[in-house]
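Take a look at the structure set out below.
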There are 2 protein chains.
Amino acid sequence: MADDDVTADPSPAGRYDEALGYLVKHVHLAHQRASDAALAPLGLTSRDLGVVRVIATGAATSQQEIGALLGIDRTSMVAMLDDLEDRGLVRRQPSPHDRRRNVLALTPEGERTYQDAEREIAVVDAKFLEPLSSNDSRRFARALRTLLDAADGADRGPG
Amino acid sequence: MADDDVTADPSPAGRYDEALGYLVKHVHLAHQRASDAALAPLGLTSRDLGVVRVIATGAATSQQEIGALLGIDRTSMVAMLDDLEDRGLVRRQPSPHDRRRNVLALTPEGERTYQDAEREIAVVDAKFLEPLSSNDSRRFARALRTLLDAADGADRGPG
DNA sequence: TATTGTTATACTCTATAACTATA
DNA sequence: TATAGTTATAGAGTATAACAATA
């Protein structure tokens, strides 16, 4: 492993792993890896859980609404929900008010799996935040919320 | 438990957008969107900048080393570096010590583009962190660093 | 005419395997 | 035999366009 000393300059502009973008991205990936590993025994990915959670909390009911909240294309929603429905976790019901729309609901088994998944994720989150004091953990979560609200607002343009 | 009611329960387990995983993921995506938009005029993606930054800071020199630091497969590195080399930003030089290895270096134009890119990203970061006090911004970055170090250590197993 | 869900298609990113040239 | 880079190929994930049913 002899270092090639082609590069005389050790660090002209900070270290590559100090950049905010690097940190945020890899913290995300680390959390996602941990989540996917914890959810695998339940047959869910963290992506699946996002969808199931939106249905469980009633934040949205139609396929496109759910996708919009999570940044998932409506065409991708079809395959995901096909899968979750085939496995008996969710149910599509035509809306009585607008028969174009599918109202999504969890089956009893879907509800059980969702509760199990949230318990697993609570463990993942606790382990993930363990290196921070409980004060710093709260501050961290609050900072994320603040940054996301500001960024989403900026995306839609100032005004 | 007769909770066959479609959406009787408004929020049995918190809101979907309060989950740590959701927050971290979407903060990452928002920062990446802002970065990609700021770098587009330079012809770089945030992914490109990651590679260029590792080369510029001398953190790694061979293709596989760079990929390992950033979590990019060696086969993906080939196409990325082909592109950056075609555009005259990086140069592959066979290592004199091990002629299987390519030592990557920035061309003068690559160095200029890299400096421009870091300036753009500094603006993106400042805008992104603007909703936090400078104290909270520092705490936020420190928390990210702490979490990432702990998570990466855990990935490799305790011990 | 517009919208929801759907299908088909393409394009990007990533993952696996095999090849070459070096070691 | 093992490794760095490369190529080919297949697999996800996502995006675009078109279609059917409904509004």
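Read-outs: derived from the displayed coordinates by stated rules, not from any lab. All figures in this text were calculated on a predicted structure; none of them were measured in a lab. Reconstructed Cβ throughout: ideal geometry from the backbone, glycine too, with neighbour counts over all protein chains shown.
Taking only Cα atoms, what is the 0 to 90° angle, nearest 10, from helix A:46-56's long axis to the longest principal axis of chain A?
Around 40 degrees separate the two axes.
Which of the GluC sites (Glu not before Pro) found in the stretch B:87-159 are in a DSSP loop and have at most 14 neighbouring Cβ atoms, other than their own, within 10 Å?
In loop regions of the stretch B:87-159 (DSSP not H, G, I, E or B), there are no sparsely surrounded GluC sites (Glu not before Pro).
When the Cα centres of the stretch B:131-153 and the stretch A:101-158 are compared, how far apart do they sit, in Å?
18
Give me the distance in nm between label points sitting 7 Å out from Cα along the Cα-to-Cβ direction at B:R74 and B:A154, one decimal.
3.0
Select from A:Q93, A:Q63, A:Q115 the residue whose mean-square fluctuation is largest in a Gaussian network model of chain A (Cα-Cα springs shorter than 10 Å).
Of A:Q93, A:Q63, A:Q115, the most mobile in the Gaussian network model is A:Q93.
Does the stretch B:27-152 classify as rounded, prolate or oblate by the C-alpha gyration tensor (a ≥ b ≥ c root eigenvalues; a/c under 1.5 gives rounded; else a/b over b/c gives prolate, otherwise oblate)?
prolate
In a Debye calculation with equal point scatterers on the alpha-carbon sites of the protein assembly as shown and no solvent, what is log10 I(q)/I(0) at q = 0.09, 0.16 Å⁻¹?
-0.57, -1.33
Name the long-range amide H neighbours of A:T107: under 5 Å, sequence gap of 5 or more, or other chain; modelled H, no Pro or chain starts.
A:V90, A:R91
Given springs between every Cα pair under 10 Å in a Gaussian network model of chain B, which of B:L70, B:L81, B:L39 has the largest fluctuation?
Ranking B:L70, B:L81, B:L39 by mean-square fluctuation puts B:L70 first.
Put +1 on the Cβ of each Lys and Arg and -1 on the Cβ of each Asp and Glu in the stretch A:28-159; which of A:Y114, A:S35, A:G153 then has its Cα farthest toward the positive end of the dipole?
The residue sitting farthest along the positive end of the dipole is A:G153.
For chain B, what is the relative contact order in percent, using Cα pairs closer than 8 Å and at least 6 residues apart in sequence?
On the way: 107 pairs, mean separation 29.1, N = 159.
Relative contact order for chain B comes out at 18 percent.
What longest region of chain B stays clear of trypsin sites (Lys or Arg not before Pro) that DSSP places outside H, G, I, E and B and that have at most 16 other Cβ atoms within 10 Å?
B:16-86
Restricting to DSSP H runs of at least four residues, report the calculated mean residue ellipticity at 222 nm for chain B, -39500 (n - 2.57) per run over all residues, nearest 500 deg cm²/dmol.
My calculation for chain B gives -20000 deg cm²/dmol from helical runs alone.
According to the Cα gyration tensor, what semi-axes, each the square root of 5 times an eigenvalue, does the equivalent ellipsoid of the stretch A:69-117 have, listed from largest to smallest in whole Å?
Each semi-axis is the square root of five times an eigenvalue, giving 19, 15, 10 Å.
Rounded to the nearest 20 Debye, what is the dipole magnitude of the protein assembly as shown about its Cα centre when Lys and Arg each give +1 and Asp and Glu each give -1 at the C-beta?
It works out to roughly 280 debye.
On average, how many beta carbons from a partner chain sit within 10 Å of the beta carbon of a residue in A:114-123?
Mean inter-chain Cβ contacts per residue within 10 Å come to 2.
I'd like the orientation of helix A:74-86 relative to chain A: the angle between its Cα long axis and the longest Cα principal axis, in ° from 0 to 90, rounded to 10.
It is inclined by approximately 60 degrees.
Under a GNM of chain A (C-alpha, springs under 10 Å), which listed residue has the highest mean-square fluctuation: A:A143, A:A79, A:A56?
In this elastic network of chain A, the residue with the biggest mean-square fluctuation among A:A143, A:A79, A:A56 is A:A143.
Just to confirm the numbers: A:D83, label point 7 angstrom along the Cα-Cβ line, distances to the other copies in nm, shortest first?
2.6
Can you list the distances in nanometres, one decimal and ascending, from the B:T146 label point to the identical position in each other copy, with the point 7 Å along Cα to Cβ?
1.6
Can you pull the one-decimal nm distance between simple spin-label points at A:T146 and A:K127, each 7 Å off the Cα toward Cβ?
Distance between the two pseudo-spin positions: 3.0 nm.
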